[in-house]
Amino acid sequence: MSGAAAAAGASASAPVAPWLVALDIDGTVLHEDSSLSDIVGAEVRRAAADGHEVMLATGRSSVHTLPVIAQLGITPEYVVCANGAVTLKRDPSAPLGYRQEHVETFDPGPVLTTIRSHLAEAVFAVEDDDGNFMYTDSFPQAALGEQTRLVTFEEMIGIRATRVVVVSPDHDMEDFLQVVDRMGLHRVSYSIGWTAWLDIAPDGVNKATGLERVREALGIPRSRVMAIGDGRNDLDMFRWAGESGRAVAMGQAPDDVIAAATEVTASVYDDGVAQALATI
């Protein structure tokens, strides 16, 4: 065999350098009814089988995230939950196969009091570092899981939180955004989820901070990160990924989310995640 042929054969058999692929869940991997497209599921598993680190980065709690990993049929080394406040690491000896690797909490009292003074009709929830979800009356039942407890607003103020969730059903999105802008929430990181939904995390914590911690642990270069999402809580993740890698917005994402991305794929209804993953 000639030297050129040998080099070509070695190149063909060399392992592919892995990408770190961070997937949002709702509106990205899953449809509004929590269903998973067969095409998306198959492409996620294909990318993972090819050696890429395909993981989830979500605003959901760990309790609501781990079933999606099972639904996808993958076993990523890390999972970022609660908009970056909680990072899980795979551990076969732990319940459900994952344990907490890193947790950020904060005192929600000041921000809850501030928001209540601006949004008198809002309903609230806080999530603690164990994934327990404490909520006030009238919180949307669709957002509640098994580890939930109804509490008073006064009780909620004393809970150390990984995130605060605020829902204001009487506001449309534009009105809600204007109210949020007037609040001046300087000591916490906040992001808008679906209509009139506000997620508040510890100061300086977001999906990007959790993912950077994961990237460093895995030793994957910044040039080989891909983040796919559709919501305003993906903006920091997009800025992080797009600096040297790829930030992919779903086709149905709001204009400001698309503007923060480096590329746009098809909508969740047209299997946009599968189309983006097919390029790696």
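No value in this document is a laboratory result; all are computed from the given coordinates. All figures in this text were calculated on a predicted structure; none of them were measured in a lab. Don't worry about glycine lacking a Cβ; one is built from the backbone with ideal geometry, like all the others, and counts go over all protein chains shown.
Quick look at the values:
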read-out	value
Paramagnetic label zone (point 7 Å from Cα along Cα-to-C-beta, Lys89; backbone N under 17 Å) in segment 197-224	210-220
Table column - 3J(HN,Hα) (Hz), segment 94-101, Karplus curve with 6.51, -1.76, 1.60, x for Gly and Pro	8, x, 6, x, 9, 10, 6, 9
Listed peptides 255-263, 163-171 by packing density, highest first (mean Cβ within 10 Å)	163-171, 255-263
Distant-in-sequence amide H partners of Tyr98 (H built 1.01 Å from N, under 5 Å)	Asp91
Length added when fully stretched, Ser267-Asp137, from 0.36 nm per residue minus Cα-Cα	43.4 nm
Segment 109-201, dipole about Cα centre (Lys/Arg Cβ +1, Asp/Glu Cβ -1), debye to the nearest 20	280 debye
Nearest-0.05 FRET efficiency for Asp107 and Arg222, computed from C-beta distance (R0 30 Å)	0.35
Charge dipole of the chain about the Cα centre (unit charges at C-beta), most positive-ward option of Ser191, Val165, Leu211	Leu211
Gaussian network model of the chain, Cα within-10 Å springs - most flexible of Gln178, Gln252, Gln71	Gln178
Student exercise, the chain dipole from Lys, Arg, Asp, Glu Cβ charges, in Debye to nearest 20	1020 debye
Sequence-distant residues sharing a close amide H with Val264 (under 5 Å, placed H)	Ala249
Backbone N under 13 Å from the Leu177 label point (7 Å along Cα→Cβ), restricted to segment 197-216	197
Distance-filtered residues of segment 39-59 - backbone nitrogen under 12 Å, label point 7 angstrom along Ala278 Cα→Cβ	39-40, 43
Integer Hz, Karplus 6.51/-1.76/1.60 couplings in order for segment 253-259, x for Gly and Pro	5, x, 4, 5, 6, 4, 5
DSSP bridge orientation in the chain - percent antiparallel, rounded to nearest 5	60 percent
Residue among His102, Thr148, Leu66 farthest towards the positive dipole end of the chain, charges placed on Cβ	His102
Residue among His102, His52, His186 with the largest mean-square fluctuation in a Gaussian network model of the chain, springs linking Cα atoms under 10 Å	His186
Segment 77-90 - phi-based ³J(HN,Hα) in whole Hz, Karplus 6.51/-1.76/1.60, Gly and Pro as x	5, 9, 9, 9, 10, 6, 6, x, 6, 10, 10, 9, 10, 5
Residue-averaged 222 nm ellipticity for the chain, from DSSP H runs of 4+ at -39500 (n - 2.57), nearest 500	-9500 deg cm²/dmol
